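K.L.:
Just dropping this structure here.
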Amino acid sequence: MKQKSALILTKYENITGDCTDLFNAGDFSIASLKLQVKPLTKALAKLGFNYKLISLSTSEPASLDLIGSPDIVIVSKLNCHKHNQHDMAMSNLAALARLKCQKIPIATIYSDNLADVDKFPTGEFHRNLLSMTDIIICPSKKLAQLAQNHNANAKLFIIKDP
């Protein structure tokens, strides 16, 4: 029997590619990775999933090939410095489009209301992300309501941050 696999899309500091080993070693400084993604990976492992964390970049287009054909994709917080936002948006939207074409379920951890930011690329990227998402996971009811304004068909789950 084939083991189930999960792909976690993230922005991992200044690294492009597979970040799973770095993440498992605890080599990260972003709070959302510690508070949201670490418990997620523990739950995935407990449910029998192999998981992989990748960070994409248009400067390394071959990194897109790392997405493969997982059973589920989970998008963690994708945010970065202003000068890298176009790169982050383009590389991740390309991955999400490829995954959507494969009919792979996409879950998004949405913990900041960035879809309501008017400016491009931050707001536009998050509106696009939510529109492609099948499952939206938020830390509060209010944020879930705001996210649902961008995708009324997605399933909503509220998981409070510790």
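The values are calculated or read from the model by the stated rules, or taken from the named source; none is laboratory data. Since this is a predicted model, take the numbers as computed values, not measurements. Heads up, the Cβs are rebuilt from the backbone with ideal geometry, glycines too, and the neighbour counts pull from every protein chain shown.
K.L.:
Sort through LEU44, LEU64, LEU40, LEU35 and tell me the only one that's in contact (Cβ under 8 Å) with a residue 12 or more places away in the chain and either part of a loop (DSSP other than H, G, I, E, B) or touching a strand residue (DSSP E or B) at 6+ places or on another chain (Cβ under 6 Å) (or both).
P.N.:
LEU44
K.L.:
Could you name every one of the strands (runs of 3 or more DSSP E) located completely within segment 81-162 that has at least 1 residues being in contact with a strand residue (DSSP E or B) (Cβ under 7 Å, 6 or more places away or on another chain), within 17 Å of THR10 (Cα to Cα) and in contact (Cβ under 8 Å) with a residue 24 or more places away in the chain?
P.N.:
Qualifying strands (runs of 3 or more DSSP E): 106-109, 135-138.
K.L.:
GLN102 fails exactly one of the following numbered conditions: (1) more than 12 Å from the chain's Cα centre (by Cα); (2) buried (at least 18 other Cβ atoms within 10 Å of the Cβ). What is the number of that condition?
P.N.:
(2)
K.L.:
In addition: Hey, can you tell me all the residues within segment 8-40 that are surrounded by fewer than 20 Cβ atoms within 10 Å (Cβ to Cβ), at pLDDT below 75 and of a type in the set (A, V, I, L, M)?
P.N.:
Within segment 8-40, ILE30, ALA31, LEU35 qualify.
K.L.:
Hey, any hits in segment 70-77 for a residue that's outside any strand (DSSP E or B) and either modelled with pLDDT under 95 or among the β-branched types (Val, Ile, Thr) (or both)?
P.N.:
Yes, some residue in segment 70-77 is outside any strand (DSSP E or B) and either modelled with pLDDT under 95 or among the β-branched types (Val, Ile, Thr) (or both).
K.L.:
What number of residues in segment 78-91 are at pLDDT below 80 and within 30 Å of GLY48 (Cα to Cα)?
P.N.:
The number of residues fulfilling the criteria is 1.
K.L.:
Continuing with this model, one more query. Quick check on my filter: what residues within segment 67-76 are crowded, with 19+ Cβ neighbours inside 10 Å and either of a type in the set (Asp, Glu) or out of contact with any Lys or Arg (no Cβ under 7 Å at 6 or more places or on another chain) (or both)?
P.N.:
Those that are crowded, with 19+ Cβ neighbours inside 10 Å and either of a type in the set (Asp, Glu) or out of contact with any Lys or Arg (no Cβ under 7 Å at 6 or more places or on another chain) (or both): PRO70, ILE72, VAL73, ILE74, VAL75, SER76.
K.L.:
Take the residues of segment 135-162 that are more than 19 Å from GLY123 (Cα to Cα) and either touching a Gly at 6+ places or on another chain (Cβ under 9 Å) or of a type in the set (D, E, K, R) (or both): which is surrounded by the fewest Cβ atoms within 10 Å (Cβ to Cβ)?
P.N.:
Checked segment 135-162; the qualifying residue surrounded by the fewest Cβ atoms within 10 Å (Cβ to Cβ) is LYS160.
K.L.:
Within segment 54-61, is even one residue buried (at least 18 other Cβ atoms within 10 Å of the Cβ) and in a helix (DSSP H, G or I)?
P.N.:
No - not one qualifying residue is present in segment 54-61.
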